[in-house]
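A.B. asks: Sharing a structure with you now.
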Ligand SMILES: [Zn+2]
């Protein structure tokens, strides 16, 4: 395990234990969440070392990578993913008169890239998991490379870089954001989608909130921290949007962890309520999508 002595977002030394969260999804082990007194960032501490973390992804049920179709929650996930794909594509296309060069970091099995390829984008992917990489090339023919390949591209190669539910898994935020800034063209678009620990469903489910997803999520980004961190790295905020389907999926999964009767139905109901509450608060959806540009 790797113990952090400073905030991984702002490097401030005053950090404190705040909550214990179980890995409900896989190992059933307990992990600690710390928070930073300076920027308010929440992060898993200690966290598995980079060598140890791969063991925590080893499940046939880790659905962002698998193509199995078992269970109602997986079915909801798949329906949501299809609808979300079109929504994601619209977000990106609305900024560009014509398709350009796109890099999707943490592209999993390549669904988003395959979708954008049909819109004419020249697509590239980065994915640490070798099985997902193989699935991506089989599925879309798009070449997906390892993380180490990031440093091999020239400066200002991409019109858009996307990280859909990925930055919360990234160990070295400073290195990764610097690399993204280097690779993005001036005026290019960076899209980040992140679970929101200040959302209504996070507050409702507490330590059972499925999007803590420790230890796979090493960061838990409150919107205020996203703004501060990206601003400090030289990105300019354009706008954010709530990802309304995520509330349903996360609430269903949280209900399952609570082992309540009728958990899928309860989850759907609470997902709906989370979205209704988020309509009345700024950046309060279960997951948020943030758009930034580089000047
Ligand atoms: Zn901090």
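A.B. asks: Given the condition closer than 23 Å to residue 278 by Cα and within 16 Å of the ligand (Cβ to nearest atom), answer yes or no: does some residue in region 148-168 qualify?
C.D. replies: Scanning region 148-168, I find at least one residue that is closer than 23 Å to residue 278 by Cα and within 16 Å of the ligand (Cβ to nearest atom), so the answer is yes.
A.B. asks: Turning to a different aspect of this structure: Looking only at region 90-106, count how many residues are under 25 Å from residue 253 (Cβ atoms) and modelled with pLDDT of 95 or more.
C.D. replies: In the first step, residues of region 90-106 are kept if they are under 25 Å from residue 253 (Cβ atoms); the result is 91, 104-106.
Subsequent filtering for residues that are modelled with pLDDT of 95 or more retains 104-106.
Qualifying residue count for the region: 3.
A.B. asks: Here is a follow-up. Looking at 213, 201 in this structure, which one is away from the ligand (no atom under 16 Å from the Cβ) and farther than 25 Å from residue 48 by Cα? Please lay out each step first, then the result.
C.D. replies: Details: 213 fails: farther than 25 Å from residue 48 by Cα.
201 is the lone residue from the list that is away from the ligand (no atom under 16 Å from the Cβ) and farther than 25 Å from residue 48 by Cα.
A.B. asks: Looking only at region 212-233, filter to residues that are more than 14 Å from the chain's Cα centre (by Cα) and outside any loop (DSSP other than H, G, I, E, B); which one of those is surrounded by the most Cβ atoms within 10 Å (Cβ to Cβ)?
C.D. replies: Among those residues, the one meeting the criterion is 225.
A.B. asks: Scan region 29-39 for residues that are in contact with a helix residue (DSSP H, G or I) (Cβ under 8 Å, 6 or more places away or on another chain) and away from the ligand (no atom under 13 Å from the Cβ) and report the count.
C.D. replies: Residues in region 29-39 being in contact with a helix residue (DSSP H, G or I) (Cβ under 8 Å, 6 or more places away or on another chain) and away from the ligand (no atom under 13 Å from the Cβ): 1 in total.
A.B. asks: Here is a further query. Being part of a loop (DSSP other than H, G, I, E, B) and surrounded by fewer than 19 Cβ atoms within 10 Å (Cβ to Cβ) is the filter; apply it to region 40-61 and report the residue that is farthest from the ligand (Cβ to nearest atom).
C.D. replies: Of everything passing the filter in region 40-61, 60 is farthest from the ligand (Cβ to nearest atom).
A.B. asks: Would you confirm, using the coordinates I've provided, whether residue 284 is over 27 Å from residue 158 (Cβ atoms) and in contact with a strand residue (DSSP E or B) (Cβ under 8 Å, 6 or more places away or on another chain)?
C.D. replies: yes
A.B. asks: Can I ask one more? Filter region 221-254 down to residues that are touching a strand residue (DSSP E or B) at 6+ places or on another chain (Cβ under 8 Å), in contact (Cβ under 8 Å) with a residue 60 or more places away in the chain and away from the ligand (no atom under 14 Å from the Cβ) and give me whichever is nearest to residue 24 (Cα to Cα).
C.D. replies: Going through the qualifying residues, I end up with 246.
This table checks each residue for (1) within 16 Å of the chain's Cα centre (by Cα); (2) within 26 Å of residue 94 (Cβ to Cβ); (3) modelled with pLDDT under 95.
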{"residue": "210", "(1), (2), (3)": "yes, no, no"}
{"residue": "235", "(1), (2), (3)": "no, yes, no"}
{"residue": "241", "(1), (2), (3)": "yes, yes, no"}
{"residue": "246", "(1), (2), (3)": "yes, yes, yes"}
{"residue": "249", "(1), (2), (3)": "yes, yes, yes"}
{"residue": "291", "(1), (2), (3)": "yes, yes, no"}
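A.B. asks: Do the conditions hold for residue 190, that is, is it at pLDDT 95 or above and either over 18 Å from the mean Cα position of the chain (by Cα) or assigned to a strand (DSSP E or B) (or both)?
C.D. replies: So residue 190 fits the description; yes.
A.B. asks: If you don't mind, another one. Given the criteria assigned to a helix (DSSP H, G or I) and in contact with a strand residue (DSSP E or B) (Cβ under 8 Å, 6 or more places away or on another chain), does residue 136 qualify? Walk me through it before giving the result.
C.D. replies: Working: assigned to a helix (DSSP H, G or I): yes; in contact with a strand residue (DSSP E or B) (Cβ under 8 Å, 6 or more places away or on another chain): yes.
Here the answer is yes, as residue 136 does meet what is asked.
A.B. asks: Restricted to region 1-28, and to residues that are surrounded by fewer than 12 Cβ atoms within 10 Å (Cβ to Cβ) and assigned to a loop (DSSP other than H, G, I, E, B), which residue is farthest from the ligand (Cβ to nearest atom)?
C.D. replies: For region 1-28, the residue satisfying everything is 28.
A.B. asks: Output the number of residues of region 80-101 satisfying the condition of being surrounded by 12 or more Cβ atoms within 10 Å (Cβ to Cβ) and farther than 24 Å from residue 245 by Cα.
C.D. replies: Within region 80-101, residues that are surrounded by 12 or more Cβ atoms within 10 Å (Cβ to Cβ) and farther than 24 Å from residue 245 by Cα number 4.
The values are calculated or read from the model by the stated rules, or taken from the named source; none is laboratory data. Being a predicted model, the structure only gives us computed values, none of them experimental. With ideal geometry, Cβ positions are generated from the backbone for all residues, glycine too; neighbour counts draw on all protein chains shown.
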